[in-house]
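K.L.:
This is the structure I want to talk about, given as structure tokens.
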Amino acid sequence: MNITETRKAAAEIRKLTIAAMQSAGYGHIGGSMSIADVLAVLYTDIMRVDPKNPRDPNRDWLVLSKGHCAPGLCAALAHKGYFPKEEVLTLNQNGTRLPSHCDRLKTPGVDISTGSLGQGISMASGVALGNAMQGINSHVYVILGDGELNEGQNWETAQFLAHRQMDNITVIVDANQRQLDGYTEDVCKQFDIAEKFRAFGLHTLECDGHDVRALHDALVQKPAVLVMHTEKGHGCNFAEIPGFNHYMVITDDMARAACEEIDRRLTA
Amino acid sequence: MTYPLEQIKLDTVELRAAYCAALIAAAEQNDRIVAVDADVQFSMGTKPFYEKFPRRGVNCGIMEAHAVGMCAGMSATGLVPFFHAFGVFATRRAFDQIFLACAYQDLNVKLIGGDAGVTATMNGGTHMPLEDMGLMRTIPGATIIEPADAAMLPAAVQHMASTWGVHYMRSSRRNAMRVYRDDAQFTIGKANVLARGSEVCIIACGIMVYEALRAHAMLAQQGIRATVLDMHTIKPIDEAAVIHAAMACGAVVTAENHNAMSGLGSAVAEVLVEHCPVPMERVGVFEQFGEVGTQGYLQEKFGLTGEEIARKAIKAMGRK
């Protein structure tokens with residue numbers, strides 16, 4: 001990997017996400033920022049995908065189960081070339097191809113529609129199993145929120161993945177320690193997420209979710225689970241706050257200052 | 001197309017056996033068809049499929065939410081999953097997964113719900129689907145089929161296997177009254193006209209088709225000529241058949257092994273009120289949960305009988 005290029009991609013994804021939300025006037029900024037780096041690594045260095053052939057049956061798949069962070073994924077897809085970057089400004093406009101929850105029928109490059117938390121891991125397991133049953137050599141990545149792990153369906157699938165010993169799917173947990181109503185510790189304790197997956201017998205790694213080298217080195221091992229420790233709102237200065245940052249109103253001034261700060265940090 | 005009433009007997013073939021044979025036949029034609037189960041393979045009768053195609057069956061264990069979500073993912077890769085569970089678990093338990101994972105993103109998933117309505121018998125109220133059709137009717141684009149017997153069931157399976165979309169088929173697992181002759185023809189979405197009369201129209205599905213034929217005979221004894229429609233496809237409902245029968249007869253009775261609200265009766269009422277308002281009565285379960293009992297006891301208790309259909313037919317005729 002070229003770390004500089006991947007970090008640039010992450011910065012670009014953040015800026016495009018902020019631009020999209022600025023255009024809409026609001027957005028799920030916190031959780032979109034915490035996955036910006038892993039999206040950059042996946043689309044720059046890891047996944048075999050072709051923006052000109054988004055439905056290639058032999059591609060690698062990404063399921064963003066925390067579907068409310070679709071603006072982050074749309075930014076990554078625009079950066080990858082699935083559609084023009086300017087199109088991110090149509091986020092949630094009437095008739096848009098880019099709704100703010102993932103929609104595979106509307107957005108080129110979105111593999112699976114999501115929005116009802118807890119379902120993405122099951123759908124991803126079906127994609128992985130379907131590919132394996134058809135002899136297709138492909139890897140499936142699914143990104144879950146740590147708050148999302150409240151949903152019991154995740155643990156049904158964890159047991160299923162462990163039982164089947166599936167090796168063509170990696171579950172990535174965005175452990176930003178916050179959910180809509182506050183810190184996960186206060187809303188409903190997560191305990192040790194990695195240990196919970198390990199208790200199922202799933203090969204589980206952990207890394208800093210904002211260190212692109214660490215993310216790359218973990219993902220190339222194709223673990224069953226990667227718990228990436230992140231900060232909700234990371235990289236967007238107005239969202240790097242201890243208070244509510246799940247969903248924010250975003251003004252032109254806030255967006256401009258945040259993008260300038262992203263560029264400053266990239267060159268610092 | 002049907003046997004004379006006096007020749008209609010309990011079939012020697014179980015519906016689950018007819019189902020599995022039909023699924024195997026479909027799978028022999030289409031190698032993308034796979035079976036998915038949630039720990040009721042024995043009850044649903046799908047074991048022979050797994051024996052025939054060991055690499056094309058997935059028993060997930062008792063996790064319907066996961067299983068239906070997984071079916072959606074499998075469909076996204078081009079497979080055609082058939083998911084089996086008791087009707088309450090195939091629909092109510094996994095409703096959000098059916099709605100969003102399967103239907104919302106236009107995937108091709110088939111849901112088979114066993115133990116329709118009172119055929120759940122000794123499993124009682126917790127296992128008695130009386131609202132599954134109502135739930136599924138609210139899903140845009142979903143198709144709902146309830147075959148009357150083992151002669152019709154393979155046509156439903158063949159249609160599901162060859163038509164894109166979310167389909168739900170509910171039926172009993174056990175032996176049903178064999179209404180249809182072997183050579184009967186079925187078109188999904190088109191009602192079968194089992195009798196033509198001019199005074200009242202009975203519209204039924206599933207086990208109530210036999211009861212409708214019994215009601216037809218009871219009414220005939222009183223000199224009342226009734227039309228009988230087997231509305232095996234509850235959604236999309238055959239509007240033309242409903243309107244035609246309502247115009248010809250001027251009164252309608254629906255009969256379903258389901259909550260009288262939200263299922264066949266509601267679907268027919270919606271057509272009538274918009275196109276051809278005529279007096280209508282419903283036979284079904286009114287504001288009650290299921291309970292344990294033999295099928296005969298439960299049909300009597302909830303009024304799912306030919307006698308009740310005939311009574312309501314006369315009542316509807318009296319409101320003309």
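The values are calculated or read from the model by the stated rules, or taken from the named source; none is laboratory data. Just so we're clear, the structure is a prediction, and the values are computed from it rather than from any experiment. Here the Cβ positions follow ideal geometry from the backbone for every residue, glycine too, while neighbour counts run over all protein chains shown.
K.L.:
Just give me the residues in the range B:102-112 being hydrophobic (A, V, I, L, M, F, W, C) and part of a helix (DSSP H, G or I), in sequence order.
P.N.:
Residues satisfying the conditions are B:Cys102, B:Ala103.
Residue by residue, here is whether (1) free of Cβ contacts under 8 Å to residues at least 40 places away in the same chain; (2) under 22 Å from the mean Cα position of the chain (by Cα); (3) surrounded by fewer than 22 Cβ atoms within 10 Å (Cβ to Cβ) holds:
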position: B:Arg214; (1), (2), (3): no, yes, yes
position: B:Ile224; (1), (2), (3): no, no, yes
position: B:Pro236; (1), (2), (3): no, yes, yes
position: B:Met247; (1), (2), (3): yes, no, yes
position: B:Leu272; (1), (2), (3): yes, yes, yes
position: B:Phe286; (1), (2), (3): yes, yes, yes
position: B:Gly290; (1), (2), (3): no, yes, no
position: B:Met317; (1), (2), (3): no, no, yes
position: B:Lys320; (1), (2), (3): no, no, yes
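K.L.:
Now for a separate question. Name the residue that is farthest from the chain's Cα centre (by Cα), counting only residues in the range B:37-65 that are aliphatic (A, V, I, L, M), over 23 Å from A:Tyr141 (Cβ atoms) and within 11 Å of chain A (Cβ to nearest Cβ).
P.N.:
By that ranking, first place goes to B:Ile62.
K.L.:
Let me confirm something: among B:Val80, B:Val88, B:Val68, which residue is facing another protein chain (nearest Cβ under 10 Å) and β-branched (Val, Ile, Thr)?
P.N.:
Being facing another protein chain (nearest Cβ under 10 Å) and β-branched (Val, Ile, Thr) holds for just one of B:Val80, B:Val88, B:Val68, which is B:Val68.
K.L.:
Here is a list of conditions, (1) out of contact with any Gly (no Cβ under 7 Å at 6 or more places or on another chain); (2) away from chain A (no Cβ under 14 Å); (3) of a type outside the set (Lys, Arg), and B:Asp132 meets all of them except one; can you say which number that is?
P.N.:
Going through the list (1) out of contact with any Gly (no Cβ under 7 Å at 6 or more places or on another chain); (2) away from chain A (no Cβ under 14 Å); (3) of a type outside the set (Lys, Arg), B:Asp132 breaks only (1).
K.L.:
In the range A:47-93, how many residues are among the β-branched types (Val, Ile, Thr) and over 19 Å from the mean Cα position of the chain (by Cα)?
P.N.:
1
K.L.:
Against the definition (crowded, with 21+ Cβ neighbours inside 10 Å and either of a type in the set (Asp, Glu) or at pLDDT 95 or above (or both)), how does A:Arg256 come out, yes or no?
P.N.:
For A:Arg256, the condition - crowded, with 21+ Cβ neighbours inside 10 Å and either of a type in the set (Asp, Glu) or at pLDDT 95 or above (or both) - is not met.
K.L.:
Residues that are in contact (Cβ under 8 Å) with a residue 12 or more places away in the chain and buried (at least 18 other Cβ atoms within 10 Å of the Cβ): find the strands (runs of 3 or more DSSP E) completely inside the range B:1-101 holding 2 or more of those.
P.N.:
Fully inside the range B:1-101 and qualifying: B:33-37, B:57-59, B:80-86.
K.L.:
Moving on to the next point. Tell me, which residue of the range A:141-160 that is at the interface with chain B (Cβ under 10 Å from one of its Cβ atoms) and closer than 14 Å to A:Pro223 by Cβ is surrounded by the fewest Cβ atoms within 10 Å (Cβ to Cβ)?
P.N.:
A:Ala158
K.L.:
Does A:Gly135 satisfy the criteria of being more than 7 Å from chain B (Cβ to nearest Cβ), without any contact (Cβ under 8 Å) to a residue 40 or more places away in the chain and in a loop (DSSP other than H, G, I, E, B)?
P.N.:
The answer is yes for A:Gly135.
K.L.:
Taking the range B:137-148 as the region of interest, how many residues are under 11 Å from B:Arg170 (Cα atoms) and among the aliphatic types (A, V, I, L, M)?
P.N.:
3
K.L.:
Sticking with this structure for a sec: Looking at the range B:102-154, which of the residues that are more than 25 Å from B:Ala76 (Cα to Cα) and of a type in the set (Ser, Thr, Tyr) is surrounded by the most Cβ atoms within 10 Å (Cβ to Cβ)?
P.N.:
B:Thr119
K.L.:
Give the number of residues within the range A:81-122 that are in contact with a helix residue (DSSP H, G or I) (Cβ under 6 Å, 6 or more places away or on another chain) and surrounded by fewer than 20 Cβ atoms within 10 Å (Cβ to Cβ).
P.N.:
7
K.L.:
For the list (1) in contact with a helix residue (DSSP H, G or I) (Cβ under 6 Å, 6 or more places away or on another chain); (2) surrounded by fewer than 15 Cβ atoms within 10 Å (Cβ to Cβ); (3) within 28 Å of B:Gly114 (Cβ to Cβ), I need the number of the one condition that B:Glu256 fails.
P.N.:
(2)
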